[in-house]
Amino acid sequence: MPVLGVQSEDTGPMLEFHCEGLYSWPVSEADQQMMDTVKLLKARLADLVDELDLEPFQGQGMLAGWDILTAGTAIRLDANDTGISASMVFEPGDTELDALYAQITGFAEMAGLGLDELSPTTSELMGPMGPVGLGHDDELLWLSMGEGERVSMGIDRGDLPKGVTPVMSGRLDIGGLINFFAPDLADMFANEPAMAFNPMMAFLGEDAPIIEFGVGVDDDQMHMTSRMVNAGLNSEALGMNTDVFFEKSDFKRVPKDAVRMVAFQVSISTMLDAIEAAMEEAGSDEYAEFTEELGVDLIDEILGNLGDKLMFYQAESTGGGGLLSAVLIVELNDADEFGAAHVKLVDRLNELAQDEIDGYARVQSWRTSGVDSFTMTAPGLPIPFEPSWAIAQQTLVVALSPGGLERAVSQIQRRSKQSIVSNPLFKQAVLSRMPEGKAYAASYYDAARLTKKGYGMTSMLMSALANSARSPKHPDRVVGSIMPSYSSFTKDIEPSGTVSWWDGDDFRTHYIGDESMLVQLSTGLGAIADVQGLIVPAIAAGVLLPALEQARESAKEVLSSTQVRTIVQGMIIYSGNNNDQFPESIEEMIDLGFVDAATLISPFGPAFDNGPDYAIRSDKAASENLFNTRFIVAVDRAMWVNWEDNIVVGFADAHVELLDRYELQALLDSPLNEGAAEILGLPEF
């Protein structure tokens, strides 16, 4: 474990970041008006000084903050033998450096930081870890701490392809930062079994991964690259499998008209090891009891048979390309064992649903393309979803609708030539960039289609930006639309795609997309645009479900009231034939035909303590209070012990009332009904 402030050799800085500023960022034709409007926000901040009646120094602070945030930036953070050294350099694009320097030094003096002027362009103050220097020249403003060299403004092109102009780069040594600021963290977690499977542990040992990234643009596309150095040496801790890849044949499971596709890996075995370690540490038998009740071992038979490779997609043919067209494909380790356990699980869930929620949820079985398929339904309820799944070709296929599942299974069963592999946009964005035809993970977006769906929402955001830049004093600061027309904006859009792969022990990722930031924003918004189409059914379900539940409860209360009234009336008729004496038990009333056995089953039962659903009072006091309107002789006991808010109560004059728990308790506590709670078997809570 490195000691405080010391890094191993050749590790480089703990943090380094370089970025072009707002005023020098390369702008596409589609983004030009948007970027010009963003720059006008500085003038809007100046307007706010008068509108909000701010002090001059507050206005200066806002403008200085804008200049720093929009400046070209370079940051470097190093550890050394004496502690830490830091260097920050800024290249503002729309201000005089001497004025900005004067504002910052003025704020420092107002805060009482004890700033010492070393020259007209440099100052120094004593910080908690040594002297902090501030200075500027004709082009740059800098802030430094410690003895390290000033960081360069140059942007590292790293893994960016040739011909790509870099606009941002960075390096993050997470392990170095943790070891510097929390050197005892690894020792703290060393004896925690569950932490052995936490990816964070990979950053606490030797050869901890270091993350490097870069962003750049060429004439048509934006590129983003990342490299996790030494990830292969920590693959087990990171939950990454270096021997499993996606190949061209895997993507044939996806329809040609997919508008979005993500292929990724999840280390199921690592997750299960963490779960089992946590269960072993807890030392509880609850899971064994749960498994016995369910009849299926969820960990070994279900989760344990899920493979590491997963694919998610949305396609036109599986439901229009929106969220409801989503399909998830999971490879199975042992499809036969998974299928057998799954059938038992479905049968048991249907039994529980029938017993616990009266069948308002049910898994429905059906067949498509010769494959057994299943759909989660909600009979009688306006739930706008029907999740469906099937096991086909050694994979578990899950869709959000039966129609989507039918198309997805058909695609997998046929493995036809018409798949996403034959889509030229997918070839351009993904297949052509897979080293040796293999990828650890990949993603694809049909940006042209999704941008069209997201155009409206992006236009709304641009209107918000335009109004933000205007002010009551300058209402014409922005005139007209800053959003390009639909026809020009949606023309010649580049597809988006990401490919991840292993390069030795380094884990690399390369993303490409349209050079326009507005296009990429519209693509993202288009991927979720159909959420608005779910609002109406969601609201309907939200309104109707409580009403349906209330109606259901009311119907059960009416049934219980009817049954209690039948019981009390039977008691009174019995008393008329037996010298005003009530029957000794309900069983006696059944034997004599005064009530039916089915009458004794409460719609709110069974009582959780296995006692009777209904209880009567047949002692001497009951007979003496015959026809007393407040004397309790019968109660729906299941409602009481199952903690319902209201309870049906029968009185000696044969009338029935629905009382809340507090009203019933008050009656039970009255002298007239003394001992009734014990006789009726109503436990205290």
Exercise. Would you mind estimating how fast segment 257-420 diffuses translationally, via Stokes-Einstein at 20 °C and 1.002 mPa s with the Kirkwood radius over Cα pairs, in µm²/s?
Key: 124
Quiz item: For the chain, what is the mean residue ellipticity at 222 nm derived from helices alone (per DSSP H run of n ≥ 4: -39500 (n - 2.57); sum divided by total residues; nearest 500 deg cm²/dmol)?
Solution: -10500 deg cm²/dmol
Exercise. Quote the charge dipole size of the chain about the Cα centre in Debye, to the nearest 20; the model charges only the Cβ of Lys and Arg (+1) and of Asp and Glu (-1).
Key: 3500
Quiz item: In the chain, with Lys and Arg counted as +1 and Asp and Glu as -1 at Cβ, which of these residues, Leu294, Leu667, Phe107, has the Cα nearest the positive end of the dipole, that is, farthest along it?
Solution: Leu294
Quiz item: In Å and whole numbers, how far do the C-alpha atoms of the chain stretch along each principal axis, longest first?
Solution: 114, 68, 61
Practice problem: Report the full-extension gain for the segment Asp81 to Glu206: residue separation times 0.36 nm, less the Cα-Cα distance, to one decimal in nm. | Solution: 43.1 nm
Quiz item: Farthest toward the dipole's positive end in the chain, which of Ala607, Gln569, Gly404, given Cβ charges of +1 (Lys, Arg) and -1 (Asp, Glu) about the Cα centre?
Solution: Gly404
Quiz item: Ranking Leu396, Leu69, Leu525 by Cβ neighbours within 10 Å, fewest first, what do you get?
Solution: Leu69, Leu525, Leu396
Quiz item: Quick one: length gained pulling Asp336 to Thr165 fully straight, 0.36 nm per residue minus the C-alpha distance?
Solution: 56.3 nm
Quiz item: For segment 257-420, what is the charge dipole size about the Cα centre, in debye to the nearest 20, if Lys and Arg each add +1 at the Cβ and Asp and Glu each add -1 at the Cβ?
Solution: 1540
Quiz item: Binning every alpha carbon pair distance of segment 92-164 at 5 Å from zero, what are the percents per bin?
Solution: 3, 13, 21, 20, 15, 10, 6, 5, 4, 1
Quiz item: Pairs Lys39/Lys473; Lys248/Lys453; Lys39/Lys452; Lys162/Lys491; Lys162/Lys309; Lys162/Lys452: which exceed 23 Å Cα-Cα?
Solution: Lys248/Lys453; Lys39/Lys452; Lys162/Lys491; Lys162/Lys309; Lys162/Lys452
Self-check item: In sequence order, calculated HN-Hα J values of segment 498-514 (Karplus, 6.51, -1.76, 1.60; Hz; x Gly/Pro)
Solution: 10, 10, 10, 7, 8, 10, x, 8, 9, 9, 10, 9, 9, 10, 10, x, 4
Quiz prompt | Cα-based shape type of segment 336-382, given that a ≥ b ≥ c are square roots of the gyration tensor eigenvalues and the cut on a/c is 1.5 | solution = oblate
Practice problem: Quick one: compute the contact order of the chain, relative version, from alpha carbon pairs under 8 angstrom and 6+ residues apart, as a percent. | Solution: 11
Quiz item: Which Rg and Dmax, in Å, describe the Cα atoms of segment 365-406?
Solution: 10.6, 34
Quiz prompt | Cα principal axis extents for segment 537-680, largest first, Å | solution = 62, 34, 27
Quiz prompt | Cα→Cβ-extended label distance, 7 Å offset, between Ala108 and Glu436, nm | solution = 5.4
Quiz item: Going 7 Å from the Cα of Met460 toward and past its Cβ, which residues in segment 499-529 have a backbone nitrogen under 14 Å from where you end up?
Solution: 522, 525-529
Quiz item: Near the amide H of Gly307, under 5 Å away, which other amide H atoms are found, from residues 5 or more places off or on another chain, if H is placed in the peptide plane?
Solution: Glu331, Leu332, Asn333
Quiz prompt | Inter-site label distance for Glu588 and Ala182 at 7 Å from Cα along Cβ, in nm | solution = 7.2
Quiz item: Farthest toward the dipole's positive end in segment 257-420, which of Gln393, Leu303, Gly359, given Cβ charges of +1 (Lys, Arg) and -1 (Asp, Glu) about the Cα centre?
Solution: Gln393
Practice problem: Please report, to two decimal places, log10 I(q)/I(0) for segment 343-425 at q = 0.13, 0.14, 0.20 Å⁻¹ as given by the Debye formula with identical point scatterers on the Cα atoms and no solvent. | Solution: -0.49, -0.55, -0.91
Quiz item: If you place +1 on the Cβ of every Lys and Arg and -1 on the Cβ of every Asp and Glu, how big does the dipole about the Cα centre of segment 35-83 come out, in debye to the nearest 20?
Solution: 240
Quiz item: Relative to the longest principal Cα axis of the chain, at what angle does helix 402-414 sit, 0 to 90 degrees, rounded to 10?
Solution: 60
Quiz item: Rounded to the nearest 0.05, what FRET efficiency do Glu55 and Lys473 have when you use their Cβ-Cβ distance and R0 = 22 Å?
Solution: 0.70
Quiz item: Does segment 198-269 classify as rounded, prolate or oblate by the C-alpha gyration tensor (a ≥ b ≥ c root eigenvalues; a/c under 1.5 gives rounded; else a/b over b/c gives prolate, otherwise oblate)?
Solution: oblate
Quiz item: Using 0.36 nm per residue, how much length does the chain from Met126 to Val266 gain when fully extended, once their Cα-Cα distance is taken away?
Solution: 45.5 nm
Quiz item: For labels at Val244 and Glu117 in the simple 7 Å Cα→Cβ model, what's the distance in nm?
Solution: 6.6
Quiz item: What translational D, rounded to a whole number of µm²/s, comes out for segment 41-81 from Stokes-Einstein when the hydrodynamic radius is the Kirkwood one over Cα pairs, at 25 °C and 0.890 mPa s?
Solution: 204
Quiz item: In degrees from 0 to 90, rounded to the nearest 10, what is the angle of the helix 41-51 Cα long axis to the longest principal axis of the chain?
Solution: 70
Quiz item: the chain: longest stretch without exposed GluC sites (Glu not before Pro) (DSSP loop, at most 16 other Cβ within 10 Å), sites themselves excluded?
Solution: 207-583
Quiz item: If you wrap segment 392-489's Cα atoms in a convex hull and average its projection over all directions, what's the area in nm²?
Solution: 10.7
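Every number in this text was worked out from the coordinates using simple rules, so none of it is lab data. Keep in mind it's a predicted model, so treat the numbers as computed, not measured. Neighbour counts run over all protein chains shown; Cβ positions are idealised from the backbone, glycine included.
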